[in-house]
Amino acid sequence: MKFLNPNKLSFEEIQVSIRNWLIETYSQAEAVFSKSSPFGQILAVIQEFGQLIFYYIEDAIVESNIYTATKQRSIYGMARLTGHNPTRSISAQGTINIKIKPGADAPINASYILILDKTKITCINNNKKYFVQLGNINGNLRIPLNSTEITPLKVIQGELESQTLTGTGLALQSFTVLSKNTIENDLIYITVNGETYDIIDSLYDMNKGDKKCIVKTGISGGIDIYFGNEDFGTIPPLGSTINVQYVKTDGFSGNVYSKSSSIQFKFEDMGYTNTGEEVDLNKVLNVSIEKPLILGSDSENPELTKLIAPKMSRSFILANSDNYINYLSRFNYAYVDAYNTFDDDYIADDNVVYLFLIPDIAKRLTTNSDYFTTKLQNFYLDSDEKQALIDFIDMSGRQVMGTELQIVDPIITKYVANIYLRIYDSVDQNTLKGDILSKLTDYLLKVKRRDKIPKSDIIALIENVKGVDSVNMSFVSEANERAIIDGYYVQKVTSIDKVRGITIVTDNQIMLKTDEDPNLGLDDFGDIKIGLNEQPIIRGGWYDRFGNYYDDGISHNQYSSVNLVVKEVIRESLSIRMMNNTKTNLK
């Protein structure tokens, strides 16, 4: 019997319809089915279960579409089905130097010490775990106690963990390895009955009899491992012991960019002498950083996965600009671009892929710095980072033969922001300015636009700050002010010498007329224009045409990177407060 109105599908309406139907059918008083009665409580429990069932159905429908899914596991799983392998977290890697401490051999009756492969160390500054990767056949490093030489050691962030599986003897065996921690993307070591298996990308990369396997980000979490068949690779025998060793990583937070002597490490494992005695390595070794521990990154952003999964390269090679952009997006850069110059008349660099990378400044800030005070070096990659990235791509084996890489440094251009305010008398000006700077900092750290930085974005942000009635702003360009001071500016002109087959870049000096304002860096709306390979920043440290010096930082007593000027203070009457509340509710 149908007693539910299909137009009334809210849970409360369904419950009311059921209770009314029971009352009419069994001619009972309404109190019999109230929540205080046993039957009413049963109805309430059934309602709760019904809600959960519908929630699960709705969740299943939402999570089954990669564009509407919100859970990382769902997005990663569906991306795997499209052929894309989402990137898990990547460990920071670098090099430390070790040297025998003077006089360390005196209390030790031995000629040398041994450092074992995978020796664990801790960085005292960030309390992150690392381990030594020696990579030699013997699996250890021998250092004479009377040595005065410096020995470099490669170190990797993370902790090693392993699981043991059992072979089934079937073709195309697959296993899922789950862990409570993030499994590193590349550092996975697999053995079958003690024999090492190489990890490749595709079944067709295996020849008959090759001891190889495939490792992918798990469809249901963790990692999935696939072995071959009789024609591709080998089949692990029935009952064979499959050992999977992997690294539990902290991703981006494991990076150590500094080479400062203040960075300290502590060995967690013991070393050994040639006589077999244990040695506290912290007592016999001095440790310093040779190459910063970098390239650590967090797992692939699910929103990025949604964008790049349909563009997955089935060939697993870096053949074009899109491939490089997708591949390098794993490193949590704020912006990644790759391009070539096929469309010019100069063919000598047609095999060069230019990489333009901007670091995520928010992740490089220290506890005592912000966007306006952090070092300018944090806005681009240093030589160590660039070389490490090129080495990483080269070691991946995905680069097309004959292709050269060149990482382009961003061209830093400086601007200051002058913000003019009309505020209410009910707010404290210092608190208001602090709120505005907080919102502005957050915007500048997260902005992804590569064409312009519009004034309207910042105005809209500040308009929503409590206590602001009206706001206007302007940008001042260092390049424009310098041109007006000097009376000219330099324009780069590129030409092709077809006889010698080279590109010639010349400086063309543009002279300004009296009182001419070239408006360099700004468009007709006063927005910041972003040119090719340019990285505009809101920072001072320069003079304008009127002789005003803008301090590099934030100051409320002199010109600086951001100048907050209160032009007018007005009384916030009751009617104005009511009007503002109405405006807020309409948003």
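The values are calculated or read from the model by the stated rules, or taken from the named source; none is laboratory data. This structure is a prediction, so every number in the text was calculated from the model and none was measured. Please note: Cβ atoms are built from the backbone with ideal geometry, for glycine as well, and neighbour counts cover all protein chains shown.
Data for the structure
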read-out	value
Tally of residues being more than 27 Å from the chain's Cα centre (by Cα), in a strand (DSSP E or B) and hydroxyl-bearing (Ser, Thr, Tyr) across the range 240-258	1
Residue that is farthest from the chain's Cα centre (by Cα) [pool: residues in the range 122-154 that are within 16 Å of Glu290 (Cα to Cα), surrounded by 15 or more Cβ atoms within 10 Å (Cβ to Cβ) and of a type in the set (A, V, I, L, M)]	Leu134
Out of Pro292, Pro237, sole residue that is over 30 Å from Lys101 (Cβ atoms) and either in contact with a Gly (Cβ under 8 Å, 6 or more places away or on another chain) or assigned to a loop (DSSP other than H, G, I, E, B) (or both)	Pro237
Residues within the range 84-130 that are touching a residue at least 12 places away in the same chain (Cβ under 8 Å) and outside any strand (DSSP E or B), tallied	21
Hey, Val493 touching a strand residue (DSSP E or B) at 6+ places or on another chain (Cβ under 6 Å), surrounded by fewer than 16 Cβ atoms within 10 Å (Cβ to Cβ), aliphatic (A, V, I, L, M) and more than 30 Å from Thr95 (Cα to Cα) or not	yes
For Ile407: the one exception among (1) over 29 Å from Gly526 (Cβ atoms); (2) in contact with a helix residue (DSSP H, G or I) (Cβ under 6 Å, 6 or more places away or on another chain); (3) in a loop (DSSP other than H, G, I, E, B)	(3)
Out of Ile390, Ile423, sole residue that is out of contact with any His (no Cβ under 6 Å at 6 or more places or on another chain) and farther than 30 Å from Ala92 by Cβ	Ile423
Filtered residue count, the range 57-72, keeping only those that are surrounded by 15 or more Cβ atoms within 10 Å (Cβ to Cβ) and closer than 22 Å to Thr249 by Cα	1
Filtered residues of the range 445-465 (kept if in contact with a Phe, Trp or Tyr (Cβ under 9 Å, 6 or more places away or on another chain) and surrounded by fewer than 18 Cβ atoms within 10 Å (Cβ to Cβ))	Leu445, Lys448, Arg450, Lys452, Pro454, Ser456, Asp457, Leu461
Where Asp425 falls short, out of the listed (1) exposed (fewer than 15 other Cβ atoms within 10 Å of the Cβ); (2) of a type outside the set (A, V, I, L, M); (3) within 22 Å of the chain's Cα centre (by Cα)	(3)
Residue within the range 88-106 that is touching a Pro at 6+ places or on another chain (Cβ under 9 Å), modelled with pLDDT under 80 and surrounded by fewer than 17 Cβ atoms within 10 Å (Cβ to Cβ) present	no
Strands (runs of 3 or more DSSP E) contained entirely in the range 140-218, each with at least 2 residues that are within 22 Å of Glu268 (Cα to Cα) and modelled with pLDDT under 90	140-144
Checking Phe392 against (1) outside any helix (DSSP H, G or I); (2) out of contact with any Phe, Trp or Tyr (no Cβ under 7 Å at 6 or more places or on another chain); (3) over 29 Å from Val566 (Cα atoms), the condition it does not meet	(1)
Test set (1) loosely packed, with under 15 Cβ neighbours inside 10 Å; (2) of a type in the set (Gly, Ala, Ser); (3) in contact with a Leu (Cβ under 7 Å, 6 or more places away or on another chain) - Gly167 fails condition number	(1)
